[in-house]
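Inspection log for the structure reproduced underneath, given as structure tokens.
The values are calculated or read from the model by the stated rules, or taken from the named source; none is laboratory data. Everything quoted here is computed from the prediction, not taken from an experiment. In this analysis, Cβ positions are derived from the backbone assuming ideal geometry, glycine residues included, and neighbour counts consider all displayed protein chains.
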């Protein structure tokens, strides 16, 4: 038995305006659909520049309400039109002064299923995220979509194995990790961490990264977006390290059961022996 899901990622560069980025991503959904894609995830903070390279309150203007804001509603309509599941990483406002780095998940019929808020917030040169985002609440939700059980983990989150595990325990089959990550800082980890997480938790991971150097800073976003399977193998080629690219791949969800039956990691876990993990 095979259950193939055709999944898509878009790695792209900053188009100069929010309007242009929204239009670019809408076109990419149609392009992915033309290739048969059933689910698609965009990069972190997809409709803006990666403004965390500086600390400036003017970028709070990129916030929107989720799901009542215009971007969520626009892409709900697009999801319904195309019959695709969409994962939309955005900058969420709850009230003035309270903002989150958030991904909304839209089902193939246009239904808003919920959101994931980035849990781990970095504060280092070129990634001044604590200026912009509160640490996420709401845990590690799984979204029951038309293509299966989908989870989200955002950028810096990927360095923390606990969240990957929580997503697996909650039933994830595909976890998307939208990112904005730069060549000088983390490239050596890019092809290690997500495959390791896929192996340890026996699910698929879709890892998305920006490309190019944006006007706000000298972070060189290195692309190389990819899907990785529960055995840690790349599904097809890894995306280009410099150029925008639409990555569309076939994911065989039956492989998840095969690997979980072979490696009974969830059976053999010892949560009773992990008390040290609750301490700082």
Only one residue in 88, 78 is in contact with a helix residue (DSSP H, G or I) (Cβ under 7 Å, 6 or more places away or on another chain), in a helix (DSSP H, G or I) and at pLDDT 95 or above. Which one? 78
Single residue of segment 152-175 satisfying the filter (buried (at least 24 other Cβ atoms within 10 Å of the Cβ) and farther than 20 Å from residue 230 by Cβ) that is farthest from the chain's Cα centre (by Cα): 155
Out of (1) at pLDDT 95 or above; (2) surrounded by fewer than 22 Cβ atoms within 10 Å (Cβ to Cβ); (3) more than 19 Å from residue 227 (Cβ to Cβ), the odd one out for residue 138 is which? (1)
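Please report, ordered by residue number, the strands (runs of 3 or more DSSP E) entirely within segment 206-250 with at least 1 residues that are under 13 Å from residue 13 (Cβ atoms) and touching a residue at least 24 places away in the same chain (Cβ under 8 Å). Don't jump to the end; show me each part of the working.
Values: elements: 211-213, 220-222, 226-228.
Per the criteria, 211-213, 220-222.
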Only one of these conditions is not met by residue 187: (1) within 19 Å of the chain's Cα centre (by Cα); (2) part of a helix (DSSP H, G or I); (3) at pLDDT 95 or above. Which number is it? (3)
Can you tell me which condition residue 24 does not meet? The list is (1) in contact with a strand residue (DSSP E or B) (Cβ under 9 Å, 6 or more places away or on another chain); (2) without any contact (Cβ under 8 Å) to a residue 24 or more places away in the chain; (3) not in a helix (DSSP H, G or I), and all the others hold. (3)
Can you go through 65, 43 and tell me which one is at pLDDT 95 or above and surrounded by 17 or more Cβ atoms within 10 Å (Cβ to Cβ)? 43
Counting only residues that are at negative phi and over 19 Å from the mean Cα position of the chain (by Cα), how many does segment 112-127 have? 3
Conditions (1) in contact (Cβ under 8 Å) with a residue 12 or more places away in the chain; (2) within 17 Å of the chain's Cα centre (by Cα); (3) outside any strand (DSSP E or B) -> residue 134 fails only (2)
Qualifying residue in segment 97-105 (condition: crowded, with 19+ Cβ neighbours inside 10 Å and in a loop (DSSP other than H, G, I, E, B)): no
If we keep only residues of segment 57-71 that are touching a residue at least 40 places away in the same chain (Cβ under 8 Å) and assigned to a helix (DSSP H, G or I), then the residue nearest to residue 103 (Cα to Cα) is 71
Return a yes/no flag: does segment 176-193 have any residue that is crowded, with 17+ Cβ neighbours inside 10 Å, in contact with a strand residue (DSSP E or B) (Cβ under 6 Å, 6 or more places away or on another chain) and closer than 18 Å to residue 252 by Cα. yes
Residue set 7, 37, 32; condition touching a strand residue (DSSP E or B) at 6+ places or on another chain (Cβ under 6 Å), in a helix (DSSP H, G or I), in contact (Cβ under 8 Å) with a residue 60 or more places away in the chain and closer than 30 Å to residue 254 by Cα; output residue 32
